[in-house]
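Peer 1: Before I ask anything, let me first share the structure, which is written out below as structure tokens.
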Amino acid sequence: MSAEAIQTRREWLLSDRPVSRMQARLGRAYVAWRRFSANRLAFLGLLIIIALLVVAAFADVLAPYSPTIGDLKNARLLAPSAAHWFGTDDLGRDIYSRILFGSRWTLYVVILVAIIAAPIGLLVGTVAGYAGGWTDAILMRITDIFLAFPKLILALAFVAALGPGIENAVLAIAITSWPPYARIARAETMTVRNSDYIKAVQLMGASPFRIVLRHIMPLCISSLIIRVTLDMAGIILTAAGLGFLGLGAQPPLPEWGTMIASGRRFVLDQWWVAGAPGFAILIVSLGFNLLGDGLRDALDPRSGDQ
């Protein structure tokens, strides 16, 4: 593509008078990408998350050993080497392979929690903010009750009631994660519910359900995406904490928190058993935090074009 064609397309995307919805949407996406790509730390976070996705997708190919079967007789607690990059654990299993397969469980947890918690928070927040009155009071008091408890303690209570297991851990984390999203959605809704275009939609006879679903919820999506991305690190740490306490993923699943729990007995002499999965949690959590900061700057509607 020639330089003139690229310049023409750029001017078309940055036009302040778009002639179609598609042009307007592509223009907003282009401006957001320019802001995001200018942030080097945010781009580094994006690369970390892409690497996590690639590792999770191709763990079968990248892992040199089985994540659950080890050589207890000949390979127990071996230090990092060319044969075992991150060493082996107390059952002779290759830690590098277990970390690669553990990335799948990490993505499993964060994606399911986001799918469950974010829509609940969005629905509660927008309904409360638009309806107001006693509906708002009841929904927000329920939200305050959930926010009054530390997230990990509340998740522990739910897992204790539901029973240990990765599915119950996901459900418990999701139940404790939706209140902040409800708060954000309510605040966004209250800023737009009395705007002129919402009143125009009301005069056209749109039902409250349609107004909330079609006109208010889309305005809250960008703020919700930013908060969900920033919360991913906390979700990973909560899941790892439940696994560490034996209430999350159960052995022999190669979940990072469970791996740290099994390696805490050897942390002084064979540090790599607990250190390697702990470092993996650190890197992935850092990646989500950097990505969330970049998305916050890129999707902020109050930021001007750079």
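The values are calculated or read from the model by the stated rules, or taken from the named source; none is laboratory data. From a predicted model like this one, the values you see are computed outputs, not experimental measurements. Cβ atoms come from the backbone with ideal geometry, glycine included; neighbour counts cover every protein chain shown.
Peer 1: Whether any residue in the stretch 133-142 is free of Cβ contacts under 8 Å to residues at least 60 places away in the same chain and either within 22 Å of Ile111 (Cβ to Cβ) or not in a helix (DSSP H, G or I) (or both) is what I want to check.
Peer 2: Within the stretch 133-142 (the criterion being free of Cβ contacts under 8 Å to residues at least 60 places away in the same chain and either within 22 Å of Ile111 (Cβ to Cβ) or not in a helix (DSSP H, G or I) (or both)), the answer is no, since none of the residues qualifies.
Peer 1: I've got another one for you. Got a sec? Which of Ala155, Ala160 is part of a helix (DSSP H, G or I) and crowded, with 18+ Cβ neighbours inside 10 Å?
Peer 2: Ala155
Peer 1: Sort out which residues of the stretch 67-111 are surrounded by 15 or more Cβ atoms within 10 Å (Cβ to Cβ), small (Gly, Ala, Ser) and more than 24 Å from the chain's Cα centre (by Cα), and write them in order of number.
Peer 2: Once the filter is applied, which keeps residues that are surrounded by 15 or more Cβ atoms within 10 Å (Cβ to Cβ), small (Gly, Ala, Ser) and more than 24 Å from the chain's Cα centre (by Cα), the stretch 67-111 yields Gly70, Ala75, Gly87, Gly92.
Peer 1: Quick one: Asn194 ticks every box in (1) closer than 30 Å to Thr258 by Cβ; (2) without any contact (Cβ under 8 Å) to a residue 60 or more places away in the chain; (3) not in a helix (DSSP H, G or I) except a single one, so which number is it?
Peer 2: Answer for Asn194: the failing condition is (1).
Peer 1: Further, regarding this structure: For residues in the stretch 234-293 being among the hydrophobic types (A, V, I, L, M, F, W, C) and not in a helix (DSSP H, G or I), which is modelled with the lowest pLDDT?
Peer 2: Ala249
Peer 1: Something else: Under 9 Å between Cβ atoms, at least 6 apart or on separate chains: pull out the pairs that start in the stretch 213-225 with a residue that is without any contact (Cβ under 8 Å) to a residue 24 or more places away in the chain and end on any residue that is part of a helix (DSSP H, G or I) and not hydrophobic (A, V, I, L, M, F, W, C).
Peer 2: Leu213/Thr126; His215/Tyr197
Peer 1: Could you say whether any residue in the stretch 71-83 is modelled with pLDDT under 90 and hydroxyl-bearing (Ser, Thr, Tyr)?
Peer 2: No, that holds for no residue.
Peer 1: Mind checking whether some residue in the stretch 192-199 is crowded, with 18+ Cβ neighbours inside 10 Å, more than 19 Å from the chain's Cα centre (by Cα) and over 20 Å from Ser222 (Cβ atoms)?
Peer 2: Within the stretch 192-199, not a single residue is crowded, with 18+ Cβ neighbours inside 10 Å, more than 19 Å from the chain's Cα centre (by Cα) and over 20 Å from Ser222 (Cβ atoms).
Peer 1: If you don't mind, another one. Quick check, is Tyr108 touching a His at 6+ places or on another chain (Cβ under 7 Å), under 17 Å from Leu53 (Cα atoms) and not hydrophobic (A, V, I, L, M, F, W, C)?
Peer 2: no
Peer 1: Here's another thing I want to ask about it. Among the residues of the stretch 183-192, is there at least one that is within 15 Å of Leu247 (Cβ to Cβ) and at pLDDT below 90?
Peer 2: Looking for residues that are within 15 Å of Leu247 (Cβ to Cβ) and at pLDDT below 90, one finds none in the stretch 183-192, hence no.
Peer 1: When the residues of the stretch 69-99 are filtered to those that are of a type in the set (A, V, I, L, M) and assigned to a helix (DSSP H, G or I), which remaining residue is nearest to Pro254 (Cα to Cα)?
Peer 2: Once the filter is applied, the top-ranked residue is Ile99.
Peer 1: Which residues, taken from the stretch 234-249, are buried (at least 24 other Cβ atoms within 10 Å of the Cβ) and either of a type in the set (S, T, N, Q) or without any contact (Cβ under 8 Å) to a residue 40 or more places away in the chain (or both)?
Peer 2: Thr238 - this is the single residue of the stretch 234-249 that is buried (at least 24 other Cβ atoms within 10 Å of the Cβ) and either of a type in the set (S, T, N, Q) or without any contact (Cβ under 8 Å) to a residue 40 or more places away in the chain (or both).
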